[in-house]
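Notes follow once the structure below has been shown.
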Amino acid sequence: MLPWPKPAGGPHGSVCHFCDTLHVADPLPEGMAARCQGCGAVLYQNRPASLARATAFSMTALILMVVVHSFPFLVMDASTLRTTLNLTSAASALIQHGSPIIGVALALFTIVAPISLASGLIYVCGPLLFGRIAPGAVHVAKLLNKMEPWNMIEVFLLGVLVSLLKLNKVADVHFGTGFWAFSMLMISMAAAVASIDRDELWDRLEVAKS
Ligand SMILES: [Zn+2]
């Protein structure tokens, strides 16, 4: 594994996002964080095995996404009727039954966004593990940065739990395998995104490009 490389030239600077203080960005040992001298906010962190962890957690997230779509998300029993629900059927039911915007938003934020984010991270971080850069990786990394807030798995999961409390009054509701896979997907995505510092990713891309 390559240590966090710095692009040629320097000294490199780092500006605090909270108080605008400019610092000289010295290289850090793995596991350490640089903090602002003015306000104490974290400037950048050298996270251990960052590229390997970002790639591995993203791959896990993609595998879990397959499990989420292969098994029921929720199983509802009301008298003699049993209904199973998964993410795509929930989105298409919303589209067909008068809430097309919510249905499309559900599909975008809980299916398209996490798949794109995980695939993008693998595309950018995978080749960097070997000191190489994939074609267009810089553009993909910029896109990932913009897309990150739109990955709303946690919000959806919270919504499911709240609606379950209400649904429980009219039907017997159980979590399916898809729900548990989705919960693990949420943890994997959070871990993948948190595995690598943005400054480190830019530096690695810069060095691999040159
Ligand atoms: Zn500061």
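Looking at segment 1-25, which of its residues are away from the ligand (no atom under 16 Å from the Cβ) and out of contact with any Gly (no Cβ under 9 Å at 6 or more places or on another chain)? Working first, answer last.
Kept after step one, since they are away from the ligand (no atom under 16 Å from the Cβ), are these residues of segment 1-25: 1-12.
Hits for segment 1-25 are Met1, Pro3, Trp4, Lys6, Pro7, Ala8, Gly9, Gly10, Pro11, His12.
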Tell me, which residue of segment 64-107 that is among the aliphatic types (A, V, I, L, M) and loosely packed, with under 14 Cβ neighbours inside 10 Å is nearest to Gly178 (Cα to Cα)? Val66
Kindly state which helices (runs of 4 or more DSSP H) lie completely within segment 112-210 and contain at least 3 residues that are at pLDDT 90 or above and surrounded by 13 or more Cβ atoms within 10 Å (Cβ to Cβ). 113-128, 137-147, 177-194, 198-209
Tell me whether segment 72-87 contains one or more residues that are more than 16 Å from the ligand (Cβ to nearest atom), hydroxyl-bearing (Ser, Thr, Tyr) and under 18 Å from Pro127 (Cα atoms). no
Restricting attention to segment 26-59, which residues are in contact with a Phe, Trp or Tyr (Cβ under 7 Å, 6 or more places away or on another chain), closer than 27 Å to Ser210 by Cβ and within 16 Å of the ligand (Cβ to nearest atom)? Ala34
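Scan segment 98-107 and tell me whether some residue there is within 16 Å of the ligand (Cβ to nearest atom) and either under 20 Å from Trp150 (Cα atoms) or outside the structural domain of Ile187 (by TED's automatic domain parsing) (or both). First the steps, then the outcome.
Keep residues of segment 98-107 that are within 16 Å of the ligand (Cβ to nearest atom), which gives none.
Within segment 98-107 (the criterion being within 16 Å of the ligand (Cβ to nearest atom) and either under 20 Å from Trp150 (Cα atoms) or outside the structural domain of Ile187 (by TED's automatic domain parsing) (or both)), the answer is no, since none of the residues qualifies.
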With the checklist (1) over 15 Å from Pro114 (Cα atoms); (2) touching a helix residue (DSSP H, G or I) at 6+ places or on another chain (Cβ under 8 Å) in hand, flag the one item Ala78 doesn't pass. (2)
For Arg35, indicate whether it is in the same structural domain as Ile153 (by TED's automatic domain parsing) and free of Cβ contacts under 8 Å to residues at least 40 places away in the same chain. no
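The values are calculated or read from the model by the stated rules, or taken from the named source; none is laboratory data. Just so it is clear, the model here is predicted, and its values are computed rather than measured. Cβ: placed from backbone, ideal geometry, glycine included. Neighbour counts: every protein chain shown.
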